[in-house]
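Worksheet for the structure shown next.
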Amino acid sequence: MRLFQNTQEFNYPWDQVTAANWRKYPNEVSTHVVAVDVLRRELDVSGTRLTSERLITCKQSIPKWLSTLIGSSNKSFVREVSVVDLNTKTLTLKSCNLTCAHLLKVYETVQYMPHHSDLNKTCFRQEAQITAYATISTLCNRIEEWSVKRFGENASKGRQGFDSVLQMLSTNWEQRDKLVDELSTKVAGTVDEIIITTDNLIKETELKSTSLISRYSKQIQRAFNFGN
């Protein structure tokens, strides 16, 4: 069994990173991921914990010596279960390979959490346990060594690809916030104008009412004294 570990930081707040996770694929760097299908999505009764299950399809070449063991197909499938917990501010993803599971098992755990001292950053922690199953130990070692190397290469691509997605979404979010601010300013200005106009109308109405009462005060007085 081989262990792959990786820690990194993203220069974006946790809520943005978590939202961007659903748009991570496809991207221009991680071209080996060709499809992502949502199988299940559940929200707990508190509305603070979202569980999702996805099927990830990958297409990537493999060395000839390995293809003799698993066949010539270069397509593989991975099952991923993720949990977004708003109470603990964590996004946890656990995945395992479905293809060639009789020969190789890869259990991966990824976690995103807010940086302990900078809320504009997100900490990323990744761990994978890679175990090969074969009657010959040298073959197991070779499979595990190749798997760790390939896993590291894909992890690097994943980081670069996710960065590109975050940059794109960050630009969109900034534009959205700018539009919202502009709209809020316009709405606030319109409300102020309405308030001023309404106040002026009320004052004009009061002045007109006072003027009318003064003009017809004698008639009003006679009307109220009528019959006395």
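Values in this text are rule-based calculations from the coordinates and carry no lab data. Keep in mind that this is a model prediction, so the values were computed, not measured. Glycine also receives a Cβ, built like all others from the backbone with ideal geometry; neighbour counts cover every protein chain displayed.
Do you know which residues across the range 59-87 are of a type outside the set (Gly, Ala, Ser), part of a loop (DSSP other than H, G, I, E, B) and exposed (fewer than 11 other Cβ atoms within 10 Å of the Cβ)?
Across the range 59-87, the qualifying residues are Pro63, Asn87.
Of these, Glu144, Glu174, Glu108, Glu127, which one is part of a helix (DSSP H, G or I) and under 18 Å from Phe4 (Cβ atoms)?
Glu144
Collect the residues in the range 1-30 that are hydroxyl-bearing (Ser, Thr, Tyr) and either assigned to a strand (DSSP E or B) or touching a Lys or Arg at 6+ places or on another chain (Cβ under 8 Å) (or both), keeping them in residue-number order.
Thr7, Tyr12, Ser30
Regarding the range 37-52, can at least one residue be identified that is within 19 Å of Gly158 (Cα to Cα) and surrounded by 12 or more Cβ atoms within 10 Å (Cβ to Cβ)?
no
So, of the residues in the range 113-132 that are more than 8 Å from Trp14 (Cα to Cα) and of a type in the set (S, T, N, Q), which turns out to be surrounded by the most Cβ atoms within 10 Å (Cβ to Cβ)?
Gln126
Out of the range 16-35, which residues are in contact with a strand residue (DSSP E or B) (Cβ under 7 Å, 6 or more places away or on another chain) and crowded, with 16+ Cβ neighbours inside 10 Å?
Val17, Thr18, Asn21, Tyr25, His32, Val33, listed by residue number.
Can you tell me which residues in the range 72-124 are within 20 Å of Lys59 (Cα to Cα) and small (Gly, Ala, Ser)?
Those that are within 20 Å of Lys59 (Cα to Cα) and small (Gly, Ala, Ser): Ser72, Ser73, Ser76, Ser95, Ala101.
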